[in-house]
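For reference, the structure discussed in these notes is given below.
What follows is calculated from the coordinates using simple rules that are stated; it is not laboratory data. Keep in mind it's a predicted model, so treat the numbers as computed, not measured. Quick reminder, even Gly has a Cβ in these numbers, built from the backbone with ideal geometry, and neighbours come from all protein chains shown.
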Amino acid sequence: MRLPPGVTSADFSKAIKEFEAVIGKEWVFTSDEDVDLYRDSYSPLWHEEDEPIPSAAVAPDGIEQIQAILKIANAYKIPLWTISTGRNLGYGGSAPLLGGSVVLDLKRMNRVLEVNDKNHYALVEPGVSYFDLYRYIHERGLKVWLDPPDPGWGSPVGNCLERGGGYTPMRDHYDAVCGMEVVLANGEVVRTGMGALPGSKTWQQYKYGFGPYVTGMFSQSNFGIVTKMGIWLMPEPEAYLSGTVTVSKHDDLFPLVEIFANLVNSGTLQATTLLTSPLWFSPPNEELDALRYSGSVPGLEDYARRKNIPYWSVPLPFYGPAKVIAAQWEYAKEKFSSIPGVKFEDGPSYRFPLSADQLAKMTDTVPFGIPSLQIFSIMGPHGQGHLGFSPIIPMTGEAVLESQKVFTQVYRDLGSPGGSATTFPIFSFFARAFVNIYLFPIEHDVEKNRKTREIYRRLIKESAARGWGEYRTHTTFMGDISDTYSFNNHALRHFHETIKDAVDPNGILSPGKCGIWPKRMRKATA
Ligand code: ADP
């Protein structure tokens with residue numbers, strides 16, 4: 001049996017027996033066959049010595065059982081790695097960061113506690129998946145939408161805690177969180193925001209409560225175990241429409257992004273979109289490949305003109321009252337019309353609820369609040385998995401161009417395939433800044449994964465040197481990315497460590513998560 005680091009075999013056996021006594025033998029998993037299910041099949045360390053494999057997993061049902069597990073883990077100093085449904089593939093899945101940790105799997109706590117379609121919120125437990133919540137809403141005919149990520153098999157709790165993104169105006173998933181219940185390492189149960197007021201009537205309607213706002217401390221952290229979460233939902237919109245804006249010149253990117261940012265920041269445009277160059281996504285041919293490789297702007301502009309391909313394009317999705325969104329699209333067109341030669345194309349428009357026929361014809365239901373696993377079939381040739389590299393960059397044309405240049409160059413230097421045609425799609429998952437997501441393929445091939453890690457680490461450095469930081473990452477790189485958030489001699493990390501030592505003195509909760517190590521495992525840092 002694998003052991004948690006620093007725990008003797010005798011102690012671990014005793015701890016396992018104690019876990020079994022408090023939650024039942026059938027909810028303590030120790031056989032290789034069971035534990036293997038918690039490995040990350042998208043791990044960039046797949047089948048290497050350093051792959052972090054858990055020692056066991058426990059699946060409690062309820063706060064009392066969590067408290068009992070914490071007591072045992074504190075006594076034997078056993079690291080626990082908390083997951084909700086453990087489906088965030090590309091970021092670690094259900095595997096811990098520290099090999100030998102015991103996975104604390106909250107899948108059994110899967111109750112939808114409330115959905116309110118008058119004030120538009122839900123209160124859920126960690127094991128509730130997007131599919132579960134959708135089904136609950138749908139079966140009751142409630143007039144609210146959730147905002148699933150792709151794919152929808154994970155949980156709102158896990159995804160919001162990781163600050164994931166979706167597509168509707170509720171796309172910033174952490175931003176939709178309103179009130180949490182958290183079990184601390186010492187077993188104490190805390191409710192944040194208005195939840196601290198006994199009998200509160202607005203736990204899911206007002207985020208801040210009174211005093212310091214601590215809810216955010218439990219996202220991307222290892223300070224507690226979240227057992228309930230409030231999430232704001234979107235009232236079912238009346239309608240949807242979309243249109244695409246295209247421009248023909250390379251330098252049109254600058255006014256395109258400036259106008260786009262104004263529309264986003266003024267609230268005219270609130271949903272996620274993808275800024276791309278259709279030139280990069282056009283089917284390759286020898287001439288285009290050579291032009292893309294050389295990066296010749298006049299050459300590419302000339303090619304685009306001859307083939308009638310736009311240089312840049314951005315689709316604009318609008319959700320809301322039909323009259324309002326029609327006016328928003330009109331207004332957006334008026335603003336973009338200041339770019340000479342700009343073109344507009346009307347896209348699909350819908351009234352909600354969608355008919356069965358409309359639904360059947362859709363390739364992707366996620367932008368319409370309906371969870372799906374479609375992404376796995378449209379993601380393309382990604383071998384056995386993928387790994388997202390996702391820096392936050394300014395919402396400016398300059399930053400977009402710089403990011404394309406940096407990433408293409410790193411790619412070429414490392415002799416990666418596709419170095420001539422690489423483009424990095426720019427998403428607007430969050431207000432005010434772009435996120436640039438590149439999906440590296442992960443394969444069950446040790447040598448290829450070693451190379452990918454090298455590229456990835458270099459990209460982290462190249463990005464940080466330009467003032468860009470990643471918003472989220474796979475467990476393998478959490479330390480590297482945390483290292484780049486180093487202002488004033490890592491003052492922020494020191495602050496995190498001060499909190500960690502105070503709330504989890506035995507260092508049992510998710511050691512290493514986002515670069516936060518408990519004192520007993522901390523390496524000396526400068
Ligand atoms: P999903 O349910 O979306 O698949 P995961 O369960 O994989 O998400 O959770 C993503 C990450 O968020 C985990 O690796 C863990 O670090 C953190 N996390 C998930 N659930 C909780 C929770 N209930 N309390 C504290 N941290 C959590």
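Entry note, the chain: relative contact order of 17 percent, from Cα contacts under 8 Å with a spacing of 6+ residues.
Amide H contacts under 5 Å for F434: I393, M395, restricted to partners 5 or more places along the chain or on a different chain, H placed in the peptide plane at 1.01 Å from N. Full extension of the chain segment joining S349 with A322 gains 8.8 nm, where the gain is 0.36 nm per residue of separation less the Cα-Cα distance.
The stretch between N119 and A431, if pulled fully straight at 0.36 nm per residue, gains 110.0 nm over its current Cα-Cα span.
Backbone phi angles across the range 325-332, fed through the Karplus curve with coefficients 6.51, -1.76 and 1.60 (θ = phi - 60°), yield HN-Hα couplings of 6, 4, 5, 5, 5, 4, 5, 4 Hz in residue order; Gly and Pro are listed as x. Working note: Karplus 6.51/-1.76/1.60 with θ = phi - 60° gives the range 427-434 the couplings 9, 10, 5, 10, 5, 6, 9, 8 Hz, where Gly and Pro are set to x. Scanning residues 5 or more positions from D172 or on other chains, those with amide H under 5 Å from its amide H are G166, with H placed 1.01 Å from N in the peptide plane. The phi-based Karplus calculation (6.51 cos²θ - 1.76 cosθ + 1.60; θ = phi - 60°) puts the 3J(HN,Hα) values of the range 43-57 at 5, x, 10, 3, 6, 9, 4, 7, 4, x, 9, x, 8, 6, 9 Hz, whole numbers, x for Gly and Pro.
Among the GluC sites (Glu not before Pro) found in the range 1-80, those both in a DSSP coil and sparsely packed, with 15 or fewer other Cβ atoms within 10 Å of their Cβ, are E48, E49. Annotation: extensible slack from E20 through D302 equals 94.5 nm (criterion: 0.36 nm per residue apart, minus Cα-Cα distance).
Exactly which trypsin sites (Lys or Arg not before Pro) in the range 450-482 are in a DSSP loop and have at most 16 other Cβ atoms within 10 Å? Qualifying residues, ordered by number: R466. Axis angle, to the nearest 10 degrees, between helix 253-265 and the longest C-alpha principal axis of the chain: 50 degrees.
Mean separation of Cα pairs under 8 Å and 6 or more residues apart, divided by the residue count, gives the range 111-171 a relative contact order of 31 percent.
Please list, by residue number, everything in the range 149-189 whose backbone N is under 17 Å from a paramagnetic label point 7 Å out along Cα→Cβ of E64. Of the residues in the range 149-189, 187-189 have backbone N under 17 Å from the label point off E64. Once the Kirkwood radius over Cα pairs is known for the chain, the Stokes-Einstein relation at 25 °C and 0.890 mPa s delivers a diffusion coefficient of 100 µm²/s.
Count the net charge of all other residues whose Cβ sits under 15 Å from the Cβ of A304, scoring Lys and Arg as +1 and Asp and Glu as -1. Show your work: numbers first, answer last.
On the way: positive: K249, R292, R305, R306, K307, K343; negative: D251, D252, E287, D289, E301, D302.
Here the count lands on 0.
Given the chain, what percent of its DSSP beta bridges are antiparallel, to the nearest 5? Roughly 85 percent of the DSSP beta bridges within the chain come out antiparallel.
For the cross-link pairs K71/K500; K14/K71; K25/K107; K249/K343; K118/K207; K249/K307, the C-alpha atoms of every pair lie within 22 Å. Projected onto planes of every orientation and averaged, the convex hull of the alpha-carbon atoms in the range 112-235 covers 7.3 nm². Principal semi-axes of the equivalent ellipsoid, √(5λ) from the alpha carbon gyration tensor of the range 239-352, are 29, 14, 11 Å from largest down.
For the range 386-481, what's the relative contact order in percent, using C-alpha pairs closer than 8 Å and at least 6 residues apart?
40 percent
As a size descriptor, the averaged projected area of the C-alpha convex hull of the range 417-526 was calculated at 9.3 nm².
Taking amide H positions as modeled 1.01 Å from N, with prolines and chain starts lacking one, the residues under 5 Å from T272 and 5 or more places away or on another chain are T168.
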